[in-house]
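Accompanying notes for the structure given below.
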Amino acid sequence: MSRSATDVEPSAPMARGDITCRGDQRNVSLFLRLAFCPSTALVSAISRLVSDFCRQGLSDLDISSRFHMAAHELAENMTKYSSGSAVSLEVELSEQAGEHLLTLRTRNHASPERLLEVSQRLSEIRAASDPAKLYDRLIEETAPLQGVSGLGLARIRAEGLDFDYSIHGDELTLIVEERFSQPLRVQS
Amino acid sequence: MARLRAASYILNSMLNLPEFKTESFSLVFGTAGGVPSVKLSGNGDAEAVSAVDRALTQVHQKLLAAASTSVIVDLGDLYFMNSSCLKAFVAWIYKVRTTGNPYRIRLQLNPRQRWQRRGLEPLQRLAPAVVFLDEIKSKDSGPSDVEGT
């Protein structure tokens, strides 16, 4: 059976129930996983899908907007830097210890050189005590340089989203999270 | 009289710049209340980057040649801008900031597009004397943030 460029795995059967992550139990309300061939042509469609997912689960348009931005930046980075023929993006709405959690997770393979470069940048972004200040500094530093952006990952953190990453072998996993207490539009 | 001739020159040369239109993005030049303007609409993603970069470079050259004092950038119908398009704005603003006779860049924002203020405030921080963020007061038409952002 052939697979299309984008395989959408909708929330069922993982939509509801307990899953374990980082040693904690959390109740997942909505879950979506996309596996796709890295392609610039898919980036906007994928980020819109993430935005629609967020609107399905919660009524806060600001959070949806920030996750749309984050999904776009991460999907675009994967199309630029992935060394493999397939990448994945997951978005999940869950509840944990009385708080709601929206999580965006991407996975891709990359070359050792790229992993080294990105891990230095990600480490700095993750550790920043004032992400907006770091973002402003990067803007100032790259302003005179032609054709260099390198702002996407710092932008995600500067716009108020939590950020983490891990590298196992040649696989890079990026995690973007937002915790909130507003009621969900779907029941857990 | 000389000032009027200069203003006329700016407007004519801006209107002569080529538009850029695709299925999901457009960039057109014009005037708003006698001030040169650039209007971006749609989705500012990877496919729009080179057009945005090229257009802003051309606008900068025209405005400098005409000793213009300001330009309006209408973002009312722009529902997203990726970091590479933002970088094109960063490069433009940096050039204006470091030129001897900087002009003002007035970014017109649509409050219904929630990403805009959040995403564009860093540009103002880069050059507070150059970049001004103006919210469009009654923007009923155009894409709402239902488009995603």
Given (1) surrounded by fewer than 15 Cβ atoms within 10 Å (Cβ to Cβ); (2) touching a residue at least 40 places away in the same chain (Cβ under 8 Å); (3) over 17 Å from B:Glu121 (Cα atoms), number of the condition A:Glu92 does not satisfy: (1)
Close pairs from segment B:108-121: first in contact (Cβ under 8 Å) with a residue 60 or more places away in the chain and within 11 Å of chain A (Cβ to nearest Cβ), partner surrounded by fewer than 18 Cβ atoms within 10 Å (Cβ to Cβ) and outside any helix (DSSP H, G or I), Cβ under 6 Å, at least 6 apart: none
Inter-residue pairs, beta-carbon under 6 Å, first within 16 Å of A:Arg33 (Cβ to Cβ) and in segment A:46-63, second open to solvent by 50 Å² or more (accessible area, probe 1.4 Å) and not in a helix (DSSP H, G or I), 6+ apart: A:Gly57/A:Arg185
Qualifying residue in segment A:28-39 (condition: within 12 Å of chain B (Cβ to nearest Cβ), surrounded by fewer than 20 Cβ atoms within 10 Å (Cβ to Cβ) and within 19 Å of B:Ser83 (Cα to Cα)): yes
Yes/no for A:Asp60 being charged (D, E, K, R), over 15 Å from A:Ile175 (Cβ atoms), touching a Phe, Trp or Tyr at 6+ places or on another chain (Cβ under 7 Å) and open to solvent by 10 Å² or more (accessible area, probe 1.4 Å): yes
Options A:Val148, A:Val176, A:Val186: the member that is touching a residue at least 12 places away in the same chain (Cβ under 8 Å) and over 22 Å from A:Ser88 (Cβ atoms): A:Val186
Exclusive hit being more than 8 Å from chain B (Cβ to nearest Cβ), open to solvent by 50 Å² or more (accessible area, probe 1.4 Å) and either touching a Lys or Arg at 6+ places or on another chain (Cβ under 7 Å) or within 20 Å of A:Arg105 (Cβ to Cβ) (or both), set A:Asp162, A:Asp130: A:Asp162
Single condition A:Arg3 does not satisfy, out of (1) of a type in the set (Lys, Arg); (2) modelled with pLDDT of 90 or more; (3) open to solvent by 50 Å² or more (accessible area, probe 1.4 Å): (2)
Members of segment A:40-57 that are open to solvent by 40 Å² or more (accessible area, probe 1.4 Å), more than 23 Å from B:Pro111 (Cα to Cα) and at the interface with chain B (Cβ under 8 Å from one of its Cβ atoms): A:Thr40
Residue match in segment A:178-188 (condition: in contact with a His (Cβ under 7 Å, 6 or more places away or on another chain) and open to solvent by less than 20 Å² (accessible area, probe 1.4 Å)): yes
Some residue of segment A:142-163 being assigned to a strand (DSSP E or B) and under 18 Å from A:Ala75 (Cβ atoms): yes
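The values are calculated or read from the model by the stated rules, or taken from the named source; none is laboratory data. Nothing here was measured: the structure is a model prediction, and the numbers come from that model. Because the Cβ atoms are built from the backbone with ideal geometry, glycine has one as well, and the counts that use them run over all protein chains shown. Just so you know, the surface numbers come from the protein's heavy atoms only, side chains and all, with ligands and any DNA or RNA stripped out. Shrake-Rupley method; radii C 1.70, N 1.55, O 1.52, S 1.80 Å.
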